Amino acid sequence: MQIAVKSPPRIGGSLRNNTMARVDLDGNPIKPLTICMIGAGGFIGSHLCEKLMSETPHTVLALDVYNDKIKHLLEPDSLPWAGRITFHRLNIKHDSRLEGLIKMADLTINLAAICTPADYNTRPLDTIYSNFIDALPVVKYCSENNKRLIHFSTCEVYGKTIGAFLPKDSPLRKDPAYYILKEDESPCIFGSIEKQRWSYACAKQLIERLIYAEGAENGLEFTIVRPFNWIGPRMDFIPGIDGPSEGVPRVLACFSNNLLRGEPLKLVDGGQSQRTFVYIKDAIEAVLLMIENPARANGHIFNVGNPNNEVTVRQLAEIMIQVYSKVSGEKAPETPTIDVSSKEFYGEGYDDSDKRIPDMTIINRQLGWNPETSLWDLLESTLTYQHRTYAEAIKKVIAKPVAS
């Protein structure tokens, strides 16, 4: 495993208002933009709003159902960016205000999605509607009103690698040509229809194809983002604390929940799948480059990940156990991990991809972006936040007597 060495930026420091003249990658002045951000109250949206408020002159129309993660940005009058971010509580499924807000903006960023693997199996209809049907009006309004769109897709659109279909002992499995995922070359390979796990990936791929077609036929200016496991503070939820007790968040939050409770980390099917992880602060730098360099970003699909931070899910668990012991001062569980089947953990219809390793050629060529934060450093930052935010609440839950 190769990892980068630069430490992440400090989290929780004061945000500053950057009023200096800004130029794009070609040296042209950057004009202040009004940005309609759908899903602004989520994990990615909250970090992007922070970045835009602290380092740019841009204005944000923040759309979401909840605003808990951006409340610190919405305090009236007391902050240097007062008046540059307004929150609009709405659900894009059925709100007539959506088109008007898109019309008010220069750029729309759509982050709204159901993107938790446990939901793909148990809520496939909601998953398809959320990621395809609900996104249709956003694309339509942007196209009809000549507004630029940055749409967030997923690395899951690639599905399985070509190498996954080779014999397990084939030396070609180690050939990058069979597993590195390229935006403009790699095929999208999904499982059978009965494997409902692919409902998310199929919906995301179809909306990508629609956006691409709108660009080709109607001149829509678009950029598509394919995130590869963006990690950092405020990601997902902890079951029973700020999410449903029976909820199953994504892998990092699942492992964090186990660590906070002193439980073994559950490795689905032995944790053999390989993934890459990128620090949210690094990824947000990439998004800002897309926002402020439309001439370089329009018409492109960008992988945004860190191929240097590649590990198996089992290795991720082992590193997280070490990091959490360091940040919490607590000993690792006597039984650090246990293996569970995907059927037991996710239910019938689950399937998975073997590897998700992004090719970075296009984003490096167009935007000059490369991630910098090592896996250890991004986990230390994230688990420090998780411990500080949730440890006491979980102790109270654990200590609470169970009704007989």
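The values are calculated or read from the model by the stated rules, or taken from the named source; none is laboratory data. All figures in this text were calculated on a predicted structure; none of them were measured in a lab. Note: ideal-geometry Cβ built from the backbone for every residue, glycine included; neighbour counts use all protein chains shown. Each accessible area value is taken on the protein alone, full model and side chains, heavy atoms only, with ligands, DNA and RNA left out. Shrake-Rupley method; radii C 1.70, N 1.55, O 1.52, S 1.80 Å.
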Inspect all residues belonging to the stretch 253-265 and state whether any of them is closer than 22 Å to LEU33 by Cβ and basic (Lys, Arg).
no
Selection within the stretch 340-360 - open to solvent by less than 50 Å² (accessible area, probe 1.4 Å), in contact with a helix residue (DSSP H, G or I) (Cβ under 9 Å, 6 or more places away or on another chain) and not hydroxyl-bearing (Ser, Thr, Tyr)
VAL340, GLY347, GLY349, ASP351, ASP352, ASP354, LYS355, ARG356, ILE357, PRO358, ASP359
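Would you check if there is a residue in the stretch 361-381 being modelled with pLDDT under 95, crowded, with 18+ Cβ neighbours inside 10 Å, charged (D, E, K, R) and touching a strand residue (DSSP E or B) at 6+ places or on another chain (Cβ under 8 Å)?
Checked the stretch 361-381: no residue is modelled with pLDDT under 95, crowded, with 18+ Cβ neighbours inside 10 Å, charged (D, E, K, R) and touching a strand residue (DSSP E or B) at 6+ places or on another chain (Cβ under 8 Å).
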Would the stretch 177-191 turn up any residue that is assigned to a helix (DSSP H, G or I) and either farther than 21 Å from ILE362 by Cβ or open to solvent by 60 Å² or more (accessible area, probe 1.4 Å) (or both)?
yes
It is to be established whether one or more residues within the stretch 94-107 are within 27 Å of GLN196 (Cβ to Cβ) and of a type in the set (D, E, K, R).
no
Hey, does the stretch 31-54 have a residue that's hydroxyl-bearing (Ser, Thr, Tyr) and either part of a loop (DSSP other than H, G, I, E, B) or at positive phi (or both)?
no
Checked the stretch 99-114 for anything open to solvent by less than 30 Å² (accessible area, probe 1.4 Å), more than 27 Å from CYS155 (Cα to Cα), part of a helix (DSSP H, G or I) and out of contact with any His (no Cβ under 9 Å at 6 or more places or on another chain); matches are none
Which condition number in (1) in contact with an Asp or Glu (Cβ under 9 Å, 6 or more places away or on another chain); (2) surrounded by fewer than 18 Cβ atoms within 10 Å (Cβ to Cβ); (3) not in a loop (DSSP other than H, G, I, E, B) is the one that LYS204 fails?
(2)
When you look at LEU79, is it more than 21 Å from the chain's Cα centre (by Cα), modelled with pLDDT under 95 and either surrounded by fewer than 21 Cβ atoms within 10 Å (Cβ to Cβ) or part of a helix (DSSP H, G or I) (or both), yes or no?
yes
Does GLY243 fit the bill of being among the small types (Gly, Ala, Ser) and closer than 30 Å to GLU214 by Cβ?
no
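Can you find, within the stretch 55-66, the residue that is most open to solvent (accessible area, probe 1.4 Å) among those that are touching a Ser or Thr at 6+ places or on another chain (Cβ under 9 Å) and within 16 Å of ALA40 (Cα to Cα)?
Only one residue fits best here, namely THR59.
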When you check TRP369 against the structure, is it closer than 28 Å to GLY305 by Cβ, hydrophobic (A, V, I, L, M, F, W, C) and outside any helix (DSSP H, G or I), yes or no?
yes
Return a yes/no flag: does the stretch 232-248 have any residue that is of a type in the set (A, V, I, L, M, F, W, C), open to solvent by less than 10 Å² (accessible area, probe 1.4 Å) and at pLDDT 85 or above.
no
Report, by residue number, each residue of the stretch 202-231 that is more than 17 Å from CYS142 (Cα to Cα) and without any contact (Cβ under 8 Å) to a residue 60 or more places away in the chain.
GLN205
Qualifying helices (runs of 4 or more DSSP H) (wholly inside the stretch 115-164; at least 1 residues being closer than 19 Å to VAL225 by Cβ and in contact with a strand residue (DSSP E or B) (Cβ under 6 Å, 6 or more places away or on another chain)):
136-144
Output yes when any residue across the stretch 328-339 is under 29 Å from LYS69 (Cβ atoms), buried (at least 16 other Cβ atoms within 10 Å of the Cβ) and at pLDDT 90 or above, and no when none is.
yes
